[in-house]
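Okay, structure first, notes after.
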Amino acid sequence: MPPDAPNMASLKILLAAPRGFCAGVDRAILVVERALAKYGAPVYVRHEIVHNSHVVDTLRGQGAVFVEELDEVPEGRPVVFSAHGVPKSVPAAAEARHLLYVDATCPLVSKVHVEAERHFRQGHQIVLIGHANHPEVVGTMGQLPPGAMILVQSVEDAETFEPQDPDNLAYVTQTTLSVDDTTEIVAVLRRRFPKIALPRKEDICYATTNRQAAVKAIAARCETILVVGSPSSSNSNRLVEVAQKSGAQHAYLVEDESKIDWSRIVPGSTIGVTAGASAPEFLVGEVIAAARKRFDVTVEEIPVTTETVKFSLPRILSA
């Protein structure tokens, strides 16, 4: 507590739990670190390994080089594919150049890829519920030939798109969507196309679901919720939307404590703090430390579940 705390206004912080890194993000970061240890620097990474500038900067400092396309990778150096997944054309291009590549695609994204291919082999046209141009969506659509998959982004899209054969459809989803919004879209699809084939298991990943549930658990008690995460992070943006729909008066996405507009935080109020699945926990600690410089802060963590999921590394790194 600061020395002048008795003269400071109070602020209560409700910490959502779970928050921050998920198993897929942990694995992706470890893939880059292990590749650096095994092959030495530089190790190239196609696109941001996860959507967080702090993570990217840390790995860059260790010797990772981030590029947009494979033609920026020199001969003889390894390249890592990001956690979001890549179209099939990318590993094919790497093999054509005899590049050593390590695939850090989250296993839960890979599950969606496998599911889409299974539906394709069964002759279904596939509806992909997701956001255009997101790397995960680009990667998933790139598992199949052009036209095999239709992107549906909203309830409106679901109401209006026309499939090739209404009786021969299946759907899959991006893993980082709003659970509630996706449920509404799926309801429209099932009403319009009663024979549509469903995923064998929910595609929205456990971490996305849990972080949204944790925000719902605190939102009604909070005037403001701060979501720590990158503007390019789909799951972080969804947490802001969930907070706004679940009772918080205000919700803001902040990359770190330096981006917080403290004039928006009402003295004596209760605020919530959470973090997207690609945001390191130290950023949450810095937000709380920054609050303590301005307020007499009390912190209460509100857990809704405990996560124990872990993913093994690609065999090429464990050999």
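Within the range 177-226, the set of residues being over 15 Å from the mean Cα position of the chain (by Cα), over 21 Å from His119 (Cα atoms) and charged (D, E, K, R) comprises Asp180, Asp181, Glu184, Lys216, Arg221, Glu223. When each of Glu241, Glu307, Glu255, Glu286 is tested for being surrounded by 13 or more Cβ atoms within 10 Å (Cβ to Cβ) and over 30 Å from Arg34 (Cα atoms), the lone residue that passes is Glu241. The residue that is nearest to Gly85 (Cα to Cα), counting only those in the range 99-124 that are surrounded by fewer than 18 Cβ atoms within 10 Å (Cβ to Cβ) and of a type in the set (S, T, N, Q), is Ser110. Remark: pairs (first residue in the range 273-284, in the same structural domain as Ala16 (by TED's automatic domain parsing); second residue acidic (Asp, Glu); Cβ separation under 9 Å; 6+ apart in sequence or on different chains) = Ala275/Glu281; Ser278/Glu48; Ala279/Glu255; Ala279/Asp256; Leu283/Glu255; Leu283/Asp256; Leu283/Glu257. Of all residues in the range 169-210, those satisfying the criterion of being assigned to a helix (DSSP H, G or I), surrounded by 14 or more Cβ atoms within 10 Å (Cβ to Cβ) and of a type in the set (S, T, N, Q) are Thr182, Thr208, Thr209, Asn210. A single entry from Glu136, Glu159, Glu95 fulfils the requirement of being outside the structural domain of Val179 (by TED's automatic domain parsing) and either assigned to a helix (DSSP H, G or I) or of a type in the set (D, E, K, R) (or both): Glu95. Only one of the listed residues (Ser233, Ser269) is surrounded by fewer than 19 Cβ atoms within 10 Å (Cβ to Cβ) and either of a type in the set (S, T, N, Q) or closer than 16 Å to Glu301 by Cβ (or both). That residue is Ser269. Note on the range 64-92: residues that are over 16 Å from the mean Cα position of the chain (by Cα) and part of a strand (DSSP E or B) total 6.
Here's the yes/no breakdown for (1) touching a strand residue (DSSP E or B) at 6+ places or on another chain (Cβ under 8 Å); (2) outside the structural domain of Ala217 (by TED's automatic domain parsing); (3) surrounded by fewer than 20 Cβ atoms within 10 Å (Cβ to Cβ):
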site	(1), (2), (3)
Ala9	yes, no, yes
Leu30	no, yes, yes
Ala37	no, yes, yes
Gln62	no, yes, yes
Arg77	yes, yes, yes
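Look at (1) closer than 30 Å to Ala37 by Cβ; (2) touching a helix residue (DSSP H, G or I) at 6+ places or on another chain (Cβ under 6 Å) and you find that Ser232 fails only one, number (2).
Pairing residues of the range 236-257 that are closer than 12 Å to Ala220 by Cβ with residues that are part of a helix (DSSP H, G or I) and among the charged types (D, E, K, R), at Cβ distances under 6 Å and at least 6 apart in sequence or on separate chains, gives Ser246/Lys216.
The values are calculated or read from the model by the stated rules, or taken from the named source; none is laboratory data. In this text, all values refer to a predicted model and were calculated from it rather than measured experimentally. As a convention, Cβ positions derive from the backbone with ideal geometry for all residues, glycine included, and neighbour counts pool all protein chains shown.
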